[in-house]
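Okay, so here's the structure we're looking at.
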Amino acid sequence: MGLRLKTEYWDNPKTREAFKAFILDIHDLDFTEWETRGYWDHAYTPFSYFKDGQLISSICIYLLDAVIAGRETKLVQISGVGTHKDWRRQGLSRELTDLGLQWARGQHQGVFLFADEEAIPYYERCGFSPLHETLEYCHAEPTPNRQGMIQLDPSNQENLDKNYSYAQNRTPISDKFSVFSSKLLMFHALYTMRNKMYEIPDLECLVFFDREGDVVNVYDILGRTIPSFQKIYPYISSETDKRINFHFHTDKLEIKGIQTEIITGNNTFVKESFPVSTPAFPFTSRA
Ligand SMILES: CC(C)(COP(=O)(O)OP(=O)(O)OC[C@H]1O[C@@H](n2cnc3c(N)ncnc32)[C@H](O)[C@@H]1OP(=O)(O)O)[C@@H](O)C(=O)NCCC(=O)NCCS
């Protein structure tokens, strides 16, 4: 087929541009802002086939900082997966995944990914299996709002620098299980969390959250230490709140009456055995 395999090519501007164009084409995702703001991550490693200079199939191995049962470790997330439509069903994506996982062997404790709905049959065919997740939540107690929270605007460089400094100096959100790579966090600051980032200077922490009707979704909390949720909640509370969902494990938040739901039919997949059963993947661990 005359294909050329390329990997670890971020320092080659032409090849990197081809990768960015491919991701824009396949996933409608433009990495330019993450790149120009300086958060491109060399822990994100591409394995790509090129034909006549054009990228036709690619996967990325993202080696992420994680904590499992109180110990720092690494996990692999597979992302950026795609094959140009003229080249599908020829085994290219599977080959690249195998090559990537061989390359990463011995450097991590487990492999996971978040599948798009239409790609689930492909992942099942390639030997990945679904992993149930946990959602932790609690009922909101009526709490008067206390002033003092400041929204961070990511188009303001000072705000972004502050956010990055929090991300680099944070303690992991959970000792039970968390994933906390700082440059991936900045991807979320620039893309998924743009209007959801707040600083509570009194508590020296950032809280990423939003509100859908009477439900509050807390996506992440960044600080050198994690204040109890009892201290945080008055800064983000609204009198109409009924329920608070946490998109991570809450073991550091000292919440009384925390409840859990097992989420099945989610799109989380793992390869072989994964070291944590029914984890709550932090929302900000998604690449
Ligand atoms: C999903 C995708 C990456 C698969 O790429 P590909 O190069 O065609 O995959 P492969 O040829 O390596 O397929 C490996 C196996 O999965 C099977 N497979 C691939 N796509 C499949 C599909 N849509 N449904 C069922 N099986 C599929 C192949 O037939 C092959 O099975 P085999 O063991 O019988 O040979 C490609 O269809 C794609 O780019 N889709 C759009 C983007 C996307 O969904 N990416 C994943 C986001 S999480």
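The values are calculated or read from the model by the stated rules, or taken from the named source; none is laboratory data. The model shown is predicted, which means the values in this text are computed figures rather than measured ones. Every residue, glycine as well, gets a Cβ built from its backbone with ideal geometry; the counts of neighbours run over all protein chains shown. The accessibility values were calculated without ligands, DNA or RNA, using every heavy atom of the protein model including side chains. Shrake-Rupley method; radii C 1.70, N 1.55, O 1.52, S 1.80 Å.
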Can you list the aspartates and glutamates whose alpha carbon is less than 20 Å from that of Lys74, not counting same-chain residues fewer than 8 positions off?
Glu8, Asp41, Asp65, Asp98, Glu133, Asp175, Asp220, Glu272
Translational D in µm²/s for the range 1-144 (Stokes-Einstein at 4 °C, 1.567 mPa s, Kirkwood Rh from C-alpha pairs)
76 µm²/s
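Can you give the Kirkwood hydrodynamic radius for the range 135-262, in Å, rounded to one decimal and based on Cα pairs? Intermediate results must be reported in sequence, preceding the final value.
Details: mean 1/r = 0.0675 Å⁻¹.
For the range 135-262, inverting the mean 1/r across all distinct Cα pairs yields 14.8 Å.
If you roll a 1.4 angstrom probe over the protein chains with everything in place, what fraction of the accessible area of the chain belongs to carbon and sulfur, to the nearest %? Each step should come with its number before you reach the end.
Numbers: 6330 of 13830 Å².
Carbon and sulfur atoms account for 46 percent of the accessible area of the chain.
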So what's the net charge close to Asp98: Lys and Arg +1, Asp and Glu -1, counting the other residues with Cβ under 14 Å from its Cβ?
+2
Inter-label distance, nm, simple model (7 Å from Cα along the C-beta direction), Ala69/Thr264:
2.6 nm
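Just by accessible area at a 1.4 angstrom probe, what is the order of Arg170, Arg94, Arg286 from largest to smallest?
Details: Arg170 25, Arg94 105, Arg286 80 Å².
Putting Arg170, Arg94, Arg286 in descending order of accessible area: Arg94, Arg286, Arg170.
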Given the Cα-Cα distance of Thr7 and Ser228 and 0.36 nm per residue of separation, how much length would full extension add, in nm?
75.2 nm
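Sort 57-66, 252-261, 213-222, 198-207 by packing, meaning the average of other beta carbons within 10 Å per residue, with the highest value first.
Working: 57-66: 22.8, 252-261: 14.2, 213-222: 20.0, 198-207: 18.0.
So the peptides 57-66, 252-261, 213-222, 198-207, ranked by packing, come out 57-66, 213-222, 198-207, 252-261.
If you place +1 on the Cβ of every Lys and Arg, -1 on the Cβ of every Asp and Glu, and leave all else neutral, what size is the dipole of the chain about its Cα centre, to the nearest 20 Debye? It would help to have the intermediate numbers written out before the result.
On the way: 31 positive and 39 negative charges, 137 e Å.
The calculation lands at about 660 debye.
In whole Å, what three semi-axes, largest first, describe the equivalent ellipsoid of the chain built from its Cα gyration tensor (square root of 5 times each eigenvalue)?
Numbers: eigenvalues 250, 91, 53 Å².
Working through the eigenvalues yields semi-axes of 35, 21, 16 Å.
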Roughly what percent of Cα-Cα pairs across the range 148-210 reach past 20 Å?
20 percent
What residue among His27, His249, Asn159 has its Cα farthest toward the positive end of the dipole of the chain, where the charges are +1 on Lys, Arg and -1 on Asp, Glu, each on the Cβ?
His27
Whole-number accessible area per residue in Å² for the chain, which is evaluated in the context of all protein chains at 1.4 Å:
48 Å²
Here the range 227-243 yields Karplus 3J(HN,Hα) values (6.51, -1.76, 1.60; θ = phi - 60°; whole Hz; Gly and Pro given as x) of x, 5, 5, 4, 6, 6, 4, x, 6, 10, 6, 9, 5, 8, 4, 10, 9
per DSSP, antiparallel bridges as share of beta bridges in the chain, % nearest 5, sits at 90 percent
Once every DSSP H run of n ≥ 4 in the chain is given -39500 (n - 2.57) and the sum is divided by its residues, what mean residue ellipticity at 222 nm do you get, rounded to the nearest 500 deg cm²/dmol?
-7000 deg cm²/dmol
Phi-derived 3J(HN,Hα) across the range 22-39 with the Karplus relation (6.51, -1.76, 1.60, θ = phi - 60°), rounded Hz, x for Gly and Pro, is 5, 5, 5, 5, 7, 10, 6, 10, 9, 7, 4, 5, 4, 6, 5, 6, x, 10
Evaluate the range 209-261: find the radius of gyration of its Cα atoms, find its Kirkwood radius, and give the ratio Rg to Rh.
0.92
Cα-Cα over 27 Å, subset of Lys183/Lys271; Lys242/Lys271; Lys162/Lys231; Lys196/Lys271; Lys6/Lys85
Lys242/Lys271; Lys196/Lys271
